[in-house]
Structure formats: structure tokens, C-alpha cells
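Undergrad: Dumping the structure here so I can ask a few things about it.
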Amino acid sequence: MNNFILRNFLKTTGAIVLTSTLSFELAHAAGKKLIVGFIYVGPRDDFGYNQSHAVGASAIKQMSGIQMVDEEKVGETVAVQKSMEAMIRQDDVSLIFPTSFGYFDPHVIKIAKKYPKVRFAHCGGLWTKGKHPMNSGSFFGYIEECQYLNGVIAGYMSKSKKLGFVAAKPIPQVLRNINAFTMGAQLIDPSIKTHLIFTGDWSMPIKEA
């Protein structure tokens, strides 16, 4: 459910961003392909956040006049700055989707200022008009709604009244998911408690297990 909603959101958002990019004179001249870049903090096939973006990227790739390049397992460090610059200089990318929360500040901000003709669409909801570069922006899905439904299901299935939630980092978007999950479960039984573990990173399969 969660991935399904995010995949469809990305398809729609991608189309909107691509259309708006063309109107902002940031796209290529008519008849030339628009080259789009996606950057993931983890593997493309993680059955979660990164894979949802990869599926959305695949849908965008099928659009007429679009060429897509991507890179996986890029850390929230200067590594993402290098990846974005490589896409711009080597692949002629003019629209980049840096999909991880920690990419935005300072990395996307710095590269967006350096390359004002490139459009940056960051997933995370951090962009503020008047504060951040106008060639950058943010998008995010209402994924906590799916977590609420997950909580309802867990509430019906639980016999111990104790639920577990493994999360990466205590950022606002993640906390919304945890709260929504717990609220859904407590709709079924107010005595249910959610036990929480933060791994400290976005992709740590061994610790998550």
C-alpha cells in the first residue's frame, strides 16, 4: 500500500515538474531530449523508499522526449554533490531528483546556486520561497496515511498489544509515519503501545533485521 501510493505520486509529480521545467526555460530547445537524473541514498531494489522512486523514475523514462540517468547508494555527504555535478557536466542533465532527506541542506542548495540553469526537485518538503534557490524545489507524499492504515491492521492482528516500528532517523516525516501508525492501532485498542527503534541510517539491512 505504502509503495503503491508513493509510486503513483512520483509518476504524477514527475510529469508536473517536467512540464513546469519546460516552461521555465530550463529545459532544452524543442526537439532535443530532456535528460533527467535520479539519485538514491540506498539500493534501487530495497523494497521500500528507494525502490518506489526507482519505479517512478522508470515511468518518467517512458515519457516521450525523456532520457533518464540514475545513481544508487549515494551518501548524504559531499558524495551527492559530486554525483549531481557529474550528471550535469557529463550527462547534460537539466532536471535532477535528489531523493533523500539529507541531500538538501547544504548539498542541493550549494549545487543549485552553482548551476542556476538546472532544476532540482528534492524529495523532503524543505524548500522555502525567498530562502532557497528558485531553481530548486521540494515535493513529498502523504505516506503517513498509509501508515495509519497499517496501524489499523496491526491493531486488529496484535494479541500482545505491543507493536514494533523500526525507523531510520527522527526527522519530521518519519515521526509523522510513526505517529500515524500508532494512532491507527490505537483506534482499534487505545491500550496498544508502539515500541520504537532508530537505526541511525536509511539503509542498514542487518540492523533492521
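Undergrad: Based only on other Cβ atoms within 10 Å, what is the fewest-to-most ordering of Arg89, Arg119?
TA: On the way: Arg89 10, Arg119 26.
Ordered from fewest to most neighbouring Cβ atoms within 10 Å, Arg89, Arg119 come out as Arg89, Arg119.
Undergrad: Shifting gears a bit: Listed here are the pairs Lys33/Lys113; Lys33/Lys73; Lys82/Lys207; Lys117/Lys169; Lys131/Lys207; which of them are more than 31 Å apart at the Cα? Don't skip to the end; give the middle numbers.
TA: Numbers: Lys33/Lys113 24 Å; Lys33/Lys73 26 Å; Lys82/Lys207 28 Å; Lys117/Lys169 33 Å; Lys131/Lys207 37 Å.
In this structure, Lys117/Lys169; Lys131/Lys207 lie more than 31 Å apart at Cα.
Undergrad: While we're here: For Asp92, Asp105, which order do you get if you count the other beta carbons within 10 Å of each Cβ and list the fewest first?
TA: Going from sparsest to densest Cβ surroundings: Asp105, Asp92.
Undergrad: On to the next question. For each of His195, His132, His122, count neighbouring Cβ atoms within 10 Å of the residue's Cβ, then give the residues from fewest to most. Can you show the working numbers first?
TA: Details: His195 9, His132 20, His122 26.
Neighbour counts put them in this order, fewest first: His195, His132, His122.
Readers should treat all values here as calculations from the given coordinates under stated rules, not as data from a laboratory. Just so you know, these numbers come straight off a predicted model, no measurement behind them. All Cβ positions, even for glycine, are placed from backbone atoms using ideal geometry, and neighbour counts span all protein chains on display.
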